[in-house]
Amino acid sequence: MSVFRDDFLWGGACAANQFEGAWDVDGKGPSIPDLCTNGTHTTPKLLTPTIEPDKFYPSHEAIDFYHHYEEDIALFAEMGFKTFRTSINWTRIFPTGEESEPNEAGLAFYDRVFDCCKKHGIEPLVTISHYELPYALVEKYNGWADRKLVDFYMNYCKAIFARYQGKVKYWLTFNEINAGMMPFGGVLSLGTCKGYRGPAVAMPDDPQTRLQALHHQFIASALAVKYAHDHYPEYKMGNMDCFITSYPYTCDPADILANQQAMRKTNWYCSDVQVRGEYPAYAKRLWEEMGVTIHMEPGDAEILKNGTVDFYTFSYYMSNCITTHDDATKTEGNVAQGFKNPYLKASDWGWQIDPQGLRYSLNEIYDRYRIPVMVVENGLGARDTLEADGTVHDSYRIDYLRAHIEQMAEAVKDGVDLMGYTPWGCIDLVSASTGEMAKRYGFIYVKKYDDGTGDLSRLRKDSFYWYKKVIASNGADL
Ligand code: BGP
């Protein structure tokens, strides 16, 4: 028997910059990822288009969802998706971020996408900003470091809120906003990377700029939430965090404390602001330790208070250990820094696989905030083998997802109000951290390869049929 609620939102998740392609058509301007190289970097490196343009493949074409959306959404519908999480690429709507009028061709594209979802009975879940900051705003303002970005973001929100009324109900203000607490967040999510030009220069890490930029994102998020609540009462507004569960490596009280600090800094800092509407008590000391002073304007506290989210969403891929001891081994994972857990196996990219950590995290989140929760990213990045007959036997992916859904069911039994589940990259797409096509997450295989070959055809993997059965049984038949 299913423990999930009857209206549970089963689906999948993608992001515009990682799957749409068509990076410069119909008036679209360049966004940060359009200027990142691909291939073997553990962190995307920004270049100017004049340098090594061939390196921009494959994110410029990605899997060309832009021209394949009907086929792809029909495949999602065949699996029984109730929801589809995607993002709007800001630069399709405002190519430089500063135009006074939105770009009609960009707006029309998402009309087609959302209408197609509707035709199939799929509810869109839309990320407003998923690493798609207009690059012009990076050049001119150093991204979110400048408070003017709040106004540009609000113009963008107002345009899409008005346009997609009746088509979209669920919105997430920023993807993985807490990436801004990690050094790489300065590049991808905050755009505070002006002047950064590739591998020759080490990525700048400036906590003062990062945390100030994050403050501007908090203000932008709160204003967008308030505006939506005031003008579109049917809209449900959510945050989105990259939840990296961590455990103390030993029972040494120093490790317990170090882990508590790490959990606050990595996981709770942003959502405490977005859910509770104020900076947490520990923020002051954290700023002192990081050597940061946040400049706030009069009225900011009120803005934060009035713009709290309706539901909490997060990505969950892995867990880590935190220690003060020097005999632990560092993880190779490229998202969070931490130490290896001897009880866990890891993916080929070093991400430690921890389904029970998902139950633990769901409980921690729900205990803390008591608002509905949704897992909007989860999955296994793997190198799939396409057989001669067009099949892909991805039992490893099924095992990963099954184990995580089992733990979600346990969390529901624990009392967590879980709204839905959208595994990441439900159709193969470009990896955010490595820029590769080779790191695949999908239920649907796309013939697109890192050497530029591939006819973009779509093929159902074994996991496609498995997930269809899971949805049909509302999570009972795993
Ligand atoms: C999250 C991002 C996604 C996605 C995912 C998987 O952090 O929100 O954009 O890419 O991670 O990461 P990767 O693509 O690096 O494997």
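Being among the aliphatic types (A, V, I, L, M) and under 24 Å from the mean Cα position of the chain (by Cα) is the filter here, so list the residues in region 463-478 that pass it.
Val470, Ile471
Under the condition of being in contact with a Gly (Cβ under 9 Å, 6 or more places away or on another chain) and crowded, with 19+ Cβ neighbours inside 10 Å, which residue from region 143-159 is nearest to Lys28 (Cα to Cα)?
Initially, region 143-159 is screened for residues in contact with a Gly (Cβ under 9 Å, 6 or more places away or on another chain), giving 143-145, 149, 152-153, 155-156.
Within this subset, residues satisfying the condition of being crowded, with 19+ Cβ neighbours inside 10 Å are 143-145, 149, 152-153, 156.
On the way: Gly143: 18, Trp144: 21, Ala145: 24, Leu149: 19, Phe152: 16, Tyr153: 17, Tyr156: 14 Å.
Applying the filter and picking the extreme gives Tyr156.
For region 160-185, name all the residues that are within 11 Å of the ligand (Cβ to nearest atom) and either at pLDDT below 95 or hydroxyl-bearing (Ser, Thr, Tyr) (or both).
Ala179, Met182, Phe184, Gly185
Kindly indicate whether Asp72 is surrounded by 21 or more Cβ atoms within 10 Å (Cβ to Cβ) and among the acidic types (Asp, Glu).
Criteria met by Asp72.
Quick one: how many residues across region 359-395 are within 16 Å of the ligand (Cβ to nearest atom) and under 23 Å from the mean Cα position of the chain (by Cα)?
Within region 359-395, residues that are within 16 Å of the ligand (Cβ to nearest atom) and under 23 Å from the mean Cα position of the chain (by Cα) number 12.
When you scan region 400-412, do you find a residue that is small (Gly, Ala, Ser), surrounded by 18 or more Cβ atoms within 10 Å (Cβ to Cβ) and either within 16 Å of the ligand (Cβ to nearest atom) or part of a loop (DSSP other than H, G, I, E, B) (or both), even just one?
Scanning region 400-412, I find no residue that is small (Gly, Ala, Ser), surrounded by 18 or more Cβ atoms within 10 Å (Cβ to Cβ) and either within 16 Å of the ligand (Cβ to nearest atom) or part of a loop (DSSP other than H, G, I, E, B) (or both), so the answer is no.
List the number of the failed condition for Asp205; all other conditions in (1) free of Cβ contacts under 8 Å to residues at least 40 places away in the same chain; (2) within 16 Å of the ligand (Cβ to nearest atom); (3) acidic (Asp, Glu) hold.
(2)
Would you check which residues across region 334-376 are touching a Gly at 6+ places or on another chain (Cβ under 6 Å) and farther than 28 Å from Phe81 by Cβ and list them?
Gly350
Yes or no: Val446 away from the ligand (no atom under 14 Å from the Cβ) and touching a residue at least 24 places away in the same chain (Cβ under 8 Å)?
yes
Suppose we filter Arg383, Arg368 for residues that are in contact (Cβ under 8 Å) with a residue 24 or more places away in the chain, surrounded by fewer than 16 Cβ atoms within 10 Å (Cβ to Cβ) and closer than 30 Å to Arg276 by Cα; which single one remains?
Exactly one of Arg383, Arg368 is in contact (Cβ under 8 Å) with a residue 24 or more places away in the chain, surrounded by fewer than 16 Cβ atoms within 10 Å (Cβ to Cβ) and closer than 30 Å to Arg276 by Cα, namely Arg368.
Go through the residues of region 419-438 one by one and say whether even a single one is out of contact with any Cys (no Cβ under 8 Å at 6 or more places or on another chain), more than 16 Å from the ligand (Cβ to nearest atom) and of a type in the set (D, E, K, R).
no
Can you confirm whether Asp354 is surrounded by fewer than 24 Cβ atoms within 10 Å (Cβ to Cβ) and more than 13 Å from the ligand (Cβ to nearest atom)?
no
Which of (1) of a type in the set (Ser, Thr, Tyr); (2) without any contact (Cβ under 8 Å) to a residue 60 or more places away in the chain; (3) over 21 Å from Asp206 (Cα atoms) does Tyr141 not meet, given it meets every other one?
In the conditions (1) of a type in the set (Ser, Thr, Tyr); (2) without any contact (Cβ under 8 Å) to a residue 60 or more places away in the chain; (3) over 21 Å from Asp206 (Cα atoms), Tyr141 misses (3) alone.
Cys321 fails exactly one of the following numbered conditions: (1) more than 16 Å from the ligand (Cβ to nearest atom); (2) farther than 20 Å from Ala145 by Cα; (3) within 24 Å of the chain's Cα centre (by Cα); (4) in a helix (DSSP H, G or I). What is the number of that condition?
Tallying (1) more than 16 Å from the ligand (Cβ to nearest atom); (2) farther than 20 Å from Ala145 by Cα; (3) within 24 Å of the chain's Cα centre (by Cα); (4) in a helix (DSSP H, G or I), Cys321 fails exactly one: (4).
Just need a number here: residues in region 441-478 that are of a type outside the set (Lys, Arg), in a loop (DSSP other than H, G, I, E, B) and either closer than 15 Å to Ala77 by Cα or modelled with pLDDT of 95 or more (or both).
Qualifying residue count for the region: 12.
The values are calculated or read from the model by the stated rules, or taken from the named source; none is laboratory data. Please read these numbers as outputs of a predicted model, since none were measured by experiment. Cβ coordinates were reconstructed from backbone atoms using ideal geometry, including for glycine residues, and neighbour counts include every protein chain displayed.
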